[in-house]
Amino acid sequence: MLYTQRRSLWAMVVVLGLLVGCSQSMAVTPTPLMPTLTAVPSATVVPTVAAGVSVNDVSLAGKNLAQLSSTLATIQLPQRELTVLAGVITQTLTFTVSLDQQATADAALQATTNTKVVPVVRFDNAEIQPQLESLNQVVMATSGVTLTQSADPFDVRFVSDVAQSIDTKVAEARITSALASNAISVTVPLVPASTPVLPSHEQLTTAVTKMADAWPGIVGVYVYDLDTDEVVTTLNEKSVFSGASVMKVPILLHAYSKIKEFNNAQVSWMRRMIINSDNLAANKMLATSVDGDGTEAAYLGAQDMNKMFQALGLEHTYQNMPYEGRDFLIGVLKYNIVKGPKIEGPPPNTDADPMLRTTPAEMAKVFTEIYRCSQGKGVLLKMYPDTLNADRCAEMLALMHENADNSRMISGLPADAYVSHKSGWIEDMQADVGIVTTPNKQHFLMAIYVYRDIAENGGYLLDSVAGPAIGGFAQLIYSAFVPQTK
C-alpha cells in the first residue's frame, strides 16, 4: 500500500512537470520597444543677391537682406532735375531724392544674374507746390503785358492780354507721375488766369523814367501800395520841391490834430482851402489851430505845424510863413523869417521856395499816415489820441475827394477811380498827390512833382503844359495797377 501511494505521488509529479513544461512552451515572447527618433529640421536657406547684381554701380552680389540694408544706407543719390514745359516757358525744377531701401532691397533679391537694379526712390511732394507756384508767376508775367504809346510821350499805359496760368492741380499730378517714372521732362497745361497780368515794379520804374526823360526839367515821383505796405516805384523822391498848395493837406491834418470839433466858419474855411485851394482860407486854418486870428496867428500856426513835421520825421518839409504873408510879416512887422538853404537835399535840385518846401516821399508820408489813421492804425493815433480817430481821418480823405481840380492827376485817371488828392502850382513847379482806390478795391498813393526852370523855358509854367504831363504820369501809374485789356 505504501508502494501504491508513492507511485501515485510520482505520477502526479510527472503530470505536473509535463504541465509546467507545456505552459512554458506556450508563453508569448514580448516584442522589444523601438527607440523614439527626434526629427532634425533642415537648415533655413537665407536668400542672397545673385552674382553680378548692382545698383548705381555698387555691387550687391551675395548679400543677404541685413547686409543689403547696410550697403544701401551708404548710397547717396543726387538731386533730380525735371524740365517742365509751360506754354512758351521752359524751366528746370529740382527735387530732393531719397532711396526707398526696403523696396530697392526686394528688387535686388529678385534680380537675376548680372542685373543693374534701378533704385526705387522717394520724392518730397512738399517741394512740388512752391516750385510750381514760382513757375506760374513767370508764366503769368510773360503772358501778355505790353506798353502802348502814342506820338505824345505822356500818353503811355500798360495793356494786358488775357493772361494764362498753370492748371496747378493737373500739373502737380503730372510732375509726380514724371518723377516716379524717371521721365526727364513733362508738359503742364495752361488755363486762363483769374486775375489780369500786372507789370512788375521794375517795368513801371523803367516806363516812369523814360517818360521823365521827355520832361524839360526835374520830375519827382513816389508810388506806394497801401494794401501791401511797399514802395512800388520812385524817381527823385528825395529831391526838394516847393510845397505850393499841396501843403494845405498838412494844414488840414494839423487843424484836426488841434481842434476836437469844428464850428461852421472853420468847416467853411477847410472846404475852401481843399476844394478851391484858397490861400486866405488856409491862413485862417493855421491861425485857428492855435486859437488865434490874422496873419500873425497864422505864422504861429505854421511854426507849430513844423513841429508836427519834425515829430513825423520829415527833414525837408516845412512852412515858415503863411501864404501871401510876406508883405505884412516882413515888410510891415519886420519879422526875420527863416529861409531854407539855396541848395537843399540830394540832387537833382530845384529852385524851391525858401519858405515852403517838401519832397515827394515826405509829402507821401503825410498822406499815407492820414490813410492809415482812417483804417484805425498808424502813428497819428498815437501822437494825437485825444483829437484823431479813424472817422475823423476818413473825413479828411472825403474832403480831399471833393477837390475841384481835374486838370492834373484826375485828367489821367478813369471816371470810376475814387481819388482823394490835393494839387499845387507856382511859377516853375506843379504837383499833385493823392490816394487812389480802384474799382476792384486796390489802394495806392501817387505823388507827382514836375519842375521847369523859368529862364530856360520861356517863363511861367502853364497849366496846359504841366497838367497833361502830370496826368500822363498818373495814367501810366494807374495802368500798372489796373492795366487795360486787349
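Where a number appears in this text, it was derived from the coordinates with a stated rule and is not lab data. Predicted, not measured: the structure shown is a model, and the values here were computed from it. Counting neighbours? That spans all protein chains shown, and the Cβs are built from the backbone with ideal geometry, glycine included.
Rounded to whole Å and sorted largest first, what semi-axes of the equivalent ellipsoid does the C-alpha gyration tensor of segment 201-485 yield via the square root of 5 times each eigenvalue?
The answer is 28, 24, 16 Å, longest axis first.
Quick one: what do you get for the chain if you divide its Cα Rg by 2.2 N^0.38 Å?
2.06
May I ask you to evaluate 6.51 cos²θ - 1.76 cosθ + 1.60, the Karplus curve with θ = phi - 60°, for each residue of segment 337-346 and list the ³J(HN,Hα) values in order in whole Hz, giving x for glycine and proline?
Along segment 337-346, the couplings run 6, 5, 10, x, x, 4, 10, 10, x, x Hz.
Determine, at each q value in 0.08, 0.14, 0.18, 0.21 (inverse angstroms), the log₁₀ of I(q)/I(0) that the Debye formula gives when each Cα of segment 54-192 is one equal point scatterer.
-0.37, -0.75, -0.96, -1.13
Please give the residues of segment 342-386, grouped as numeric ranges, whose backbone N is less than 18 Å from a label point set 7 Å along the Cα-to-Cβ vector of residue 455.
342-344, 349-354
Can you list the lysines whose alpha carbon sits under 24 Å from that of residue 169, skipping same-chain ones fewer than 8 residues off?
Cα-Cα hits under 24 Å: none found.
Please report 269, 215 as a ranked list, fewest other C-beta atoms within 10 angstrom at the top and most at the bottom.
Least to most surrounded, the residues fall as 215, 269.
Test of understanding: ordering 121, 419 by Cβ neighbours within 10 Å, fewest first, what list do you get?
121, 419
How far, in nm, would the chain grow between residue 76 and residue 210 when pulled straight, counting 0.36 nm per residue and subtracting the alpha carbon separation?
Difference between extended and current length: 43.0 nm.
Subtract the Cα-Cα distance of residue 465 and residue 416 from 0.36 nm times their separation in residues, and report this length gain in nm to one decimal.
This chain segment gains 15.1 nm when fully extended.
Among 334, 210, 307, 365, which comes first, second and so on when ranked by fewest other beta-carbon atoms within 10 Å?
Ascending Cβ contact count within 10 Å gives the list 334, 307, 210, 365.
Taking GluC sites (Glu not before Pro) as exposed when DSSP calls them loop (any state but H, G, I, E, B) and at most 15 other Cβ atoms lie within 10 Å, what is the longest stretch of the chain free of them, the sites themselves excluded?
Result for the longest clean stretch: 1-260.
Among the lysines, which fall within straight-line cross-link reach of residue 63, defined as a Cα-Cα distance under 25 Å, with same-chain neighbours fewer than 8 residues apart omitted?
Counting by Cα, and skipping residues close in sequence, residue 63 has these lysines nearby: 116.
May I ask you to derive the FRET efficiency for residue 116 and residue 200 from their Cβ-Cβ distance with R0 = 56 Å, giving the value to the nearest 0.05?
Once rounded, the FRET efficiency stands at 0.70.
Using modelled backbone amide H atoms (1.01 Å from N, in-plane), which distant-in-sequence or interchain residues come within less than 5 Å of residue 349's amide H?
Placed amide hydrogens put nothing under 5 Å from residue 349.
Quote the charge dipole size of the chain about the Cα centre in Debye, to the nearest 20; the model charges only the Cβ of Lys and Arg (+1) and of Asp and Glu (-1).
2740
What are the residues whose amide H is under 5 Å from the amide H of residue 60, where those residues sit 5 or more places off or on another chain and H is modelled from the backbone?
It is 53, 54, 55, by chain and number.
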